[in-house]
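Have a look at the structure below before the remarks.
The values are calculated or read from the model by the stated rules, or taken from the named source; none is laboratory data. Keep in mind it's a predicted model, so treat the numbers as computed, not measured. Every residue, glycine among them, receives a Cβ derived from its backbone with ideal geometry; neighbour counts consider all protein chains shown.
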Amino acid sequence: MSKTDRVAKRITGIAAKSAASGLMVLALAVPGGWVYADSATSAASASVSNTVVVNASSPSGSEQSSTADPTKAKFTKEQAIAKVRELFPELKDAEVSNVQLGITNVSPAPSNQMVWDIQWSFRTGTGSFGFSSQVDAINGDLISTYINLGDQDNESYYPPAITRDQALEKAKAFIAKAASSISADDLEVSSSNYYYASNPSLFGPAQYGFYFTVKHGGIPSAFENITIGIDGNGRVKMFNKTPAHWSYPSTKAAWTAQQAEQAFKSKFDVELVYIPVYGTSGLNRWVLGWKPVEPALYPIDAASGSRLSIDGTVSTVSRTVYADVPQLQARFTPRSSSEEMTNDEAVQAVKKIVTIPTNLRLNSSTLFGGYPGTDRKAWSLFWIQSGGIGGMVSQSYATVDALTGQILSYNKSQDMTGGSAADSAKPKTGKLTYKQSKDKAIALINKLYPNASNNLKLVVPENSVANADGGYGFQFIRFAGGIRVDDGGVIVTLDGDGNLVNYYTSQLTELDTSKLKQSDVKVSKDDALAQILSLYTTKLQYQSFGGYNASGYTDPVVKLVYTPVESDAVTGPQRILDAVTGVLTPQYQIQSQLQNDASVTDIKGNPSEEALSTLVKYNILIPDESGKVKPDAQLTTGEWLTWMGNALTAGNLGVYVMSGQDRKAVAGVAPDSSYYPAVAYAAQNKWIASGSTFNPETPLTREQFAVLLTSLTGYDKFSAFLENDPSVTGFSDAAQISHKGAVAVAVRLGLLEGQSGKFNPTGAVTRADAAQVIMKLVELQGKTDQTIGQSRYY
């Protein structure tokens, strides 16, 4: 698999994981956005002292501009380039390939265009590297950069030269130089358990990541932040600062923290939901669990005590209301053929539903595997109009299931000219009423979604107000047996004429409700409500509403609010309560978030405690529900490959192996085996032979361990020269060792050692043994001629 393919699959995995946190997260990532029909309700009844409207063209109290005007720049191009070179001495030999004022290569264009966008190129031998930096043209603050000079090739990474605490001090010192407009006293670092921008893998370059919230008048801002990554040698490798300039309202809250807490608790409610629980590499399991209803977690206006929806308007609902989807005669019928459809058939499937603008031509059609939540292949179709910025003016996009013919997503032609936010969202006059638009949406959902009337319900809006272009947006939620499914919803957005603008189906993960029955629920709603409510508190902070959100584009509004947060995890995934077992668990795992090992109950005092604890932190060794990792249990060969694969890929084995219908048996292990990703990754990197027969259930012996370690370190061929090496012939049981060269390599590298003069080739390898070996491999990085774990044959 090429590096490009891996990156593409990783992006898909990230999108899939984001879906676990709800349709709103997905919606904001969908090109063109989508709109709740209730997203433009009446204005919040907040006092002027606690609300400020930020005009995208010229915000009050700032010099932000939606157009780049060189005459307004207070920090010159030359100063911007010099500042970046000063901050990053490694750029002394880098060349500036291009620099311009304003960001025009994304759509919609950022509201703040007074930014120097600097493109860098760095040559090394026959290769070259390119990256960009952005510097504020008004105050000279560094906005973003990511340094990648390709200078990390099998280096010695562990142990890092500096500790995390030392890296934090370096981060603060760097921010003081890079963003002088922000005082050190106005920076609030996130919880130490949240390792944003860190390297979540034990292997490769160590990188410490920090996420700083910017405070104003001592109150943190939920939307103005700085992220920074520092490697193990103390060098800043990544920096990102919120580019917009904001004006903040008064810090005085009319409502006290006690009043807000009471208001939050009085309206708090939970519901029983089918919930997918995700790990770093995808879906782990389904849970029938309790979680807060969406309105329960709306922020509370510090001026009025009102609950505010995503666009900052007052919400009066306590829980979401749903309506049945009527079954119509024109309904989606899946293809009966077992052969995948051609790209021409996929194009025709789209054209039966929508009209592709005549000025667009089909630019690309790609068949890819593993649409989020499925193993199915899908056609990715792009129509574009040539010309304009970057050679493109507009584009339309669709994905179509290659087997069933179901349209999974569609996005109507987008303007790619780089116009300002305000200009690209000018209201249009809608010709249809809300009811007419809703009828069209229901007709479309019947044609697009399998058995929509049985599987979906329509979200009933608080107010049916048109979005910015005069149309309406609709959200359909997946249900099973009368219980909401926290995955697999659908977004439909229509323009003012009733034309489909955006259609998006989130994950289509199959759910077997026969294994999760409501009759199995052991935790009552009252008990769940009390337990989940105890997790939360309210935090006073500034929050931004509007911009490009659920109602199209509106001028951003900054408000002082009390936001519900989990008291022991200010940032991070929401926890849900398993209604059958009563266990609290995060719904999804943030890839770069290391775990707390304090809950592990059976490693205290173990000789391998430190190694086991590290594996727990890096999500390689997962404690069971009672907090045990069973350090003395024997490891299987499949478990070892899984541990090592996760250690090298930060739990993303699935990103590095074939997915969907491309998957075939590897080393005799079928694609439906839980060990398949690890075995496929091992075969891909030549730890095992893909044509062999590998039994992942076999208990791992010390001699087998030596063989696997030899191929893992890249010395499997060299081991043939060590059959008579004294390090192995000196063992009293050497005659019982079949793979003497492999044992010699493992011993010479310090990975394995003798036991009372013997090697004990048939002896068991425990979890504790394997944990120690992994840490020895981590320390071995950069000290051998081979890169640990990576294939030498491409």
Subject >> Residue that is assigned to a strand (DSSP E or B), surrounded by fewer than 20 Cβ atoms within 10 Å (Cβ to Cβ) and touching a strand residue (DSSP E or B) at 6+ places or on another chain (Cβ under 6 Å), where the choices are T227, T251 >> reply: T227
Original post:
Going through the range 319-336 one residue at a time, which ones are in contact (Cβ under 8 Å) with a residue 60 or more places away in the chain and more than 31 Å from the chain's Cα centre (by Cα)?
Top reply: A323, D324, V325, P326, Q327, L328, A330, R331, F332, P334, R335
**OP:** Could you tell me whether any residue of the range 248-260 is modelled with pLDDT of 95 or more, in contact with a helix residue (DSSP H, G or I) (Cβ under 6 Å, 6 or more places away or on another chain) and more than 30 Å from S180 (Cα to Cα)?
**Re:** no
Subject >> Answer residue from the range 402-439, given it is surrounded by 19 or more Cβ atoms within 10 Å (Cβ to Cβ) and among the charged types (D, E, K, R) and is modelled with the highest pLDDT among those >> reply: K438
Original post:
On the given criteria, is I788 of a type in the set (A, V, I, L, M, F, W, C), under 37 Å from the mean Cα position of the chain (by Cα) and either modelled with pLDDT under 95 or assigned to a strand (DSSP E or B) (or both)?
Top reply: yes
Subject >> Every residue from the range 462-480 that is among the charged types (D, E, K, R) and part of a strand (DSSP E or B) >> reply: R478
Original post:
Out of (1) under 33 Å from the mean Cα position of the chain (by Cα); (2) exposed (fewer than 14 other Cβ atoms within 10 Å of the Cβ), what's the single condition that is false for T698?
Top reply: (1)
Original post:
Does A330 satisfy the condition of being closer than 30 Å to K377 by Cα and either modelled with pLDDT of 95 or more or assigned by TED's automatic domain parsing to the domain that holds I445 (or both)?
Top reply: yes
Original post:
When residues of the range 608-647 are filtered for being under 24 Å from N695 (Cβ atoms), outside any helix (DSSP H, G or I), under 23 Å from the mean Cα position of the chain (by Cα) and in contact (Cβ under 8 Å) with a residue 12 or more places away in the chain, how many remain?
Top reply: 2
**OP:** Could you pull out the residue among V347, V393 that is at pLDDT 95 or above, over 30 Å from Y298 (Cα atoms) and surrounded by 13 or more Cβ atoms within 10 Å (Cβ to Cβ)?
**Re:** V347
**OP:** Run P631 past the list (1) out of contact with any Lys or Arg (no Cβ under 7 Å at 6 or more places or on another chain); (2) of a type outside the set (A, V, I, L, M, F, W, C); (3) crowded, with 16+ Cβ neighbours inside 10 Å and report the number of the one that doesn't hold.
**Re:** (1)
**OP:** Could you tell me whether the range 667-683 includes any residue that is aliphatic (A, V, I, L, M), surrounded by fewer than 17 Cβ atoms within 10 Å (Cβ to Cβ) and either touching a His at 6+ places or on another chain (Cβ under 8 Å) or not assigned by TED's automatic domain parsing to the domain that holds E340 (or both)?
**Re:** yes
**OP:** Mind listing just one residue for me: the one in the range 257-315 that is without any contact (Cβ under 8 Å) to a residue 24 or more places away in the chain and under 22 Å from the mean Cα position of the chain (by Cα) and, of those, surrounded by the most Cβ atoms within 10 Å (Cβ to Cβ)?
**Re:** N284
Original post:
Taking the range 230-239, which residues are in contact with a Pro (Cβ under 9 Å, 6 or more places away or on another chain) and part of a strand (DSSP E or B)?
Top reply: D231, K237
Subject >> Selected residue [over 30 Å from P357 (Cβ atoms) and modelled with pLDDT under 80] from Q574, Q518, Q543, Q531 >> reply: Q574
Original post:
With T554, T509 as the choices, which residue is polar (S, T, N, Q), more than 30 Å from H216 (Cβ to Cβ) and modelled with pLDDT under 90?
Top reply: T509
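Condition check ((1) modelled with pLDDT of 75 or more; (2) closer than 19 Å to K77 by Cα; (3) assigned to a loop (DSSP other than H, G, I, E, B)) across all residues:
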{"site": "Q100", "(1), (2), (3)": "yes, yes, no"}
{"site": "F122", "(1), (2), (3)": "yes, no, no"}
{"site": "L168", "(1), (2), (3)": "yes, no, no"}
{"site": "E188", "(1), (2), (3)": "yes, no, no"}
{"site": "Y196", "(1), (2), (3)": "no, no, yes"}
{"site": "P205", "(1), (2), (3)": "yes, no, yes"}
Original post:
From the residues in the range 133-162 that are at pLDDT 90 or above and of a type outside the set (A, V, I, L, M), which one is nearest to A184 (Cα to Cα)?
Top reply: D141
Original post:
Which residues, counting only those in the range 694-752, are hydroxyl-bearing (S, T, Y) and within 25 Å of V666 (Cβ to Cβ)?
Top reply: T698, T701, T710, S711, T713, Y715, S719, S738
